[in-house]
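Since the structure comes first, as structure tokens, the remarks are kept for the end.
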Amino acid sequence: MYAFEYQRPDSVAKAVGAATGDARFLAGGQSLVQSMKLRLSSASTLVDLGGIDGLRGISRDGSSVKIGAMTRHSEVAHSADVRAAIPALADLAGGIGDQMVRNMGTLGGSIANSDPAADYPAGVLGLGATVQTDRRSIAADDFFKDLFTTALQPGELIVSVSFPIPQRAAYVKFKQPASRFALVGVFVSQGASGVRVAVTGARSHAFRVPQMEQALARDFRPDTIAGIRLDPAGYNSDLHGSAEYRAAMVTVMARRAVEKALAG
């Protein structure tokens, strides 16, 4: 690990003020610390967000659930508000990594990292959430840009994420047994804004599947999308699965997610 300066501010303003140059926010460290230990990543300053109480918490406000960026996965998984309003999101959080990861990892850290196989990006995109930063609101459709790349500007800090409460939703993933990351994960929701189908693990970043959304908007049943075959161009290919395999698995996981949503 390369040398760095460590700061632990107690407010959002101080955190943003400390994020100069190539400083990095530390929001849980489940990815960043590991990459720094291997010298795959470096920073002149680590700004630890763990001392900012205002970045934690879960609240329900009418038609949405607001979750603070530093809220841990385990807190989302066990939240009575989340389980009552969006049980699919609680299930997603409860399936991230192992217990240690869930006790340390945070919502904001996960989506800011935009790992191509992470679970939360599918939930954020699949529910049409809004990401609130220290300076603006970013719609989910505009947030995830590419591999480990988001719409966040240098020094911009995620404060919270607001999730619209859907009529029904579900998340299903085919996980890599060792890491528990999604080889392919699909989040399906049906709500006031229509049907959304979001995928993680299959490409460089989370994305939606318009063909499936349009079909399910007409008839929200698993069989409606059974015949959809996706073009594997641009899909990930590695020792765990080819691009063609992942493209086929999107349809399989989407059908299972619709089944789960209807059963819930």
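The values are calculated or read from the model by the stated rules, or taken from the named source; none is laboratory data. Here the structure is a predicted model, which is why all the values come from computation and not from measurement. A quick note on method: Cβ atoms are made from the backbone with ideal geometry, for glycine too, and the neighbour counts reach across all protein chains shown. For accessibility, only protein heavy atoms count, side chains too; no ligands or nucleic acids. Shrake-Rupley method; radii C 1.70, N 1.55, O 1.52, S 1.80 Å.
Averaging over all projection directions, find the projected area of the Cα convex hull of the range 179-264 and quote it in nm² with one decimal place. The partial results should precede the final answer.
Details: hull surface 23.2 nm².
Mean projected area for the range 179-264: 5.8 nm², to one decimal.
What share of Cα pairs, in percent, lie more than 12 angstrom apart in the range 6-53? Spell out each step's value before the answer.
On the way: 659 of 1128 pairs.
Tail of the P(r) past 12 Å holds 58 percent of the pairs.
Could you pull out which residues in the range 227-264 have an amide N less than 19 Å from a spot 7 Å beyond the Cα of residue 178, following the Cα-Cβ vector?
Those under the cut-off are 237-242.
Calculate, for residue 103 and residue 167, the FRET efficiency according to 1/(1 + (r/R0)^6) with r their C-beta to C-beta distance and R0 41 Å; round to the nearest 0.05. Can you show the working numbers first?
Working: r = 32 Å, r/R0 = 0.77.
My answer for the efficiency is 0.85.
Dipole size in debye (nearest 20) for the chain around its Cα centre, Lys and Arg Cβ +1, Asp and Glu Cβ -1? Show your work: numbers first, answer last.
Working: 28 positive and 24 negative charges, 79 e Å.
That gives a dipole near 380 debye.
If packing is taken as the average count of other Cβ atoms within 10 Å, what order do 118-125, 139-146, 26-33, 6-13 fall into, highest mean first?
Values: 118-125: 27.8, 139-146: 16.6, 26-33: 20.4, 6-13: 14.0.
The densest-packed peptide leads the list: 118-125, 26-33, 139-146, 6-13.
Pull up all non-local amide H partners of residue 184: gap of 5 or more, or a different chain, and H-to-H distance under 5 Å with H placed in the peptide plane.
Amide H neighbours of residue 184, under 5 Å, 5+ apart: 174.
Let me know the charge dipole size of the range 1-79 about its Cα centre in debye, to the nearest 20, where only the beta-carbon of Lys, Arg (+1) and Asp, Glu (-1) is charged.
Details: 9 positive and 7 negative charges, 34 e Å.
Value, rounded to 20: 160 debye.
Calculate, in nm to one decimal, what residue 223 and residue 10 gain on full extension: separation in residues at 0.36 nm each, minus their alpha carbon distance. Before the final figure, lay out each step's value.
Values: separation 213, 0.36 × 213 = 76.68 nm, distance 5.16 nm.
The residue 223-residue 10 span can extend by a further 71.5 nm.
Can you tell me the accessible area per residue over the chain, all protein chains present, probe 1.4 angstrom, in square angstrom? Write down the numbers at each step before the final one.
Details: 11860 Å² over 264 residues.
Averaged over the residues of the chain, the accessible area is 45 Å².
Could you bin all the Cα-Cα distances of the chain into 10 Å bins starting at 0 and give me the percent of pairs in each, rounded to whole numbers?
7, 31, 36, 19, 6, 0
Quick one: pull the percent of accessible area on the range 107-257 belonging to carbon and sulfur, 1.4 Å probe, ligands and nucleic acids left out. Spell out each step's value before the answer.
Numbers: 3060 of 6170 Å².
On the range 107-257, the fraction of accessible area on carbon and sulfur atoms equals 50 percent.
Just the Cα atoms of the range 145-220, one point each, no solvent: what log10 I(q)/I(0) does Debye give at q = 0.15, 0.26 Å⁻¹?
At q = 0.15, 0.26 Å⁻¹ the computed log10 ratios are -0.68, -1.19.
If the only charges are +1 at each Lys and Arg Cβ and -1 at each Asp and Glu Cβ, what is the size of the charge dipole of the range 1-150 around the Cα centre, to the nearest 20 debye?
Working: 14 positive and 16 negative charges, 39 e Å.
The calculation lands at about 180 debye.
Testing the spin-label approximation: label points 7 Å from Cα along Cα→Cβ at residue 35 and residue 147. State their distance in nm.
1.1
Of the cross-linked pairs 14/66; 14/175; 175/260, which ones have a Cα-Cα span greater than 28 Å in the structure shown? Write down the numbers at each step before the final one.
On the way: 14/66 23 Å; 14/175 39 Å; 175/260 17 Å.
Cα-Cα > 28 Å for 14/175; rest within.
At 0.692 mPa s and 37 °C, plugging the Kirkwood radius over alpha-carbon pairs of the range 146-186 into Stokes-Einstein gives what diffusion coefficient in µm²/s? Show your work: numbers first, answer last.
On the way: Rh = 13.7 Å.
Taking Rh from Cα pairs, D becomes 239 µm²/s.
Set the Förster radius R0 to 22 Å, insert the Cβ-Cβ distance between residue 263 and residue 63 as r into 1/(1 + (r/R0)^6), and round the FRET efficiency to 0.05. Show your work: numbers first, answer last.
Details: r = 23 Å, r/R0 = 1.06.
Here the calculated transfer efficiency is 0.40.
Over all distinct alpha-carbon pairs, what is the Kirkwood Rh of the range 98-194 in angstrom? It would help to have the intermediate numbers written out before the result.
Values: mean 1/r = 0.0706 Å⁻¹.
Radius from the Kirkwood sum: 14.2 Å.
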